[in-house]
Amino acid sequence: MRRPVLVLGLVAALLALGCSRPQTKLQELPTGPLTKDAYVHAFDVSAAGLAPKYGVGEDLPPDAPAKAQDAHVVALQRLLRAWADRLAGLQPPAPAAHAQARYVAGIRSFAADLDRARAAPARGDTNGAAALLTSGRIVSARTRADLLAARRAFHTLDYDLQDLDSAPVKTP
């Protein structure tokens, strides 16, 4: 069985998103309307500390049983949903509100996409799950559309958000 490279790449991206070094403590995010600079900072630290909280970030051995793979994907789904909730709680400047909504929708959609990676081992197809995860086929058209639209909007608005183009999934 191959290691789910995409999932591990996502974990690295989420760890990097928080700051240049992994953090184990969740940072408190600001409330109320934010300036552009305050929003960029809050966005950049929003994922910091989530990986350790949800037990994501440790490599699975190549021969990990289906049950361990499933637990890993479930933890990643919880992490993604928690990150989406944290981002959704931010109040960006009005011009960025739609971009944020699409990005949050993309993160939530990606967490749902991972259900397919859980279904394959449940029916005994551990190779199928690995193929979905490593090929990028796990990402639905809806997820990709939301993330691309959000990223374009943030770029158009000149928001310099860390790892915007690679977390939670890399899109062109």
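The values are calculated or read from the model by the stated rules, or taken from the named source; none is laboratory data. Keep in mind it's a predicted model, so treat the numbers as computed, not measured. Methodologically, a virtual Cβ is constructed for each residue, glycine included, from the backbone with ideal geometry; neighbour enumeration extends over all protein chains shown.
Taking only region 148-172 into account, find how many residues are outside any loop (DSSP other than H, G, I, E, B) and not polar (S, T, N, Q). Give the steps one after another, and end with the answer.
In the first step, residues of region 148-172 are kept if they are outside any loop (DSSP other than H, G, I, E, B); the result is 148-156.
Then drop every residue that is not not polar (S, T, N, Q), which leaves 148-155.
Of the residues in that region, 8 qualify.
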Which members of region 44-60 meet the condition of being under 22 Å from THR134 (Cα atoms) and not in a helix (DSSP H, G or I)?
GLY55, VAL56, GLY57, GLU58, ASP59, LEU60
Give all pairs with beta carbons closer than 7 Å in which a residue from region 23-42 that is within 23 Å of LEU79 (Cβ to Cβ) and touching a residue at least 60 places away in the same chain (Cβ under 8 Å) meets a residue that is assigned to a loop (DSSP other than H, G, I, E, B) and among the hydroxyl-bearing types (Ser, Thr, Tyr); count only pairs at least 6 apart in sequence or on separate chains.
LEU29/SER46; VAL40/TYR159
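Just one of ALA42, ALA84, ALA38 is hydrophobic (A, V, I, L, M, F, W, C), at pLDDT 60 or above and under 12 Å from the mean Cα position of the chain (by Cα); which is it?
Just one listed residue meets the conditions, ALA84.
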Among the residues of region 139-151, write down those that are free of Cβ contacts under 8 Å to residues at least 40 places away in the same chain and out of contact with any Phe, Trp or Tyr (no Cβ under 7 Å at 6 or more places or on another chain).
SER140, ALA141, ARG142, ARG144, ALA145, LEU148
Across (1) crowded, with 16+ Cβ neighbours inside 10 Å; (2) modelled with pLDDT under 95, PHE154 clears everything bar (2)
Considering region 95-129 alone, what residues qualify as being in contact with a Pro (Cβ under 9 Å, 6 or more places away or on another chain) and either of a type in the set (S, T, N, Q) or within 23 Å of ALA38 (Cβ to Cβ) (or both)?
ALA99, GLN100, GLY106, ILE107, THR126
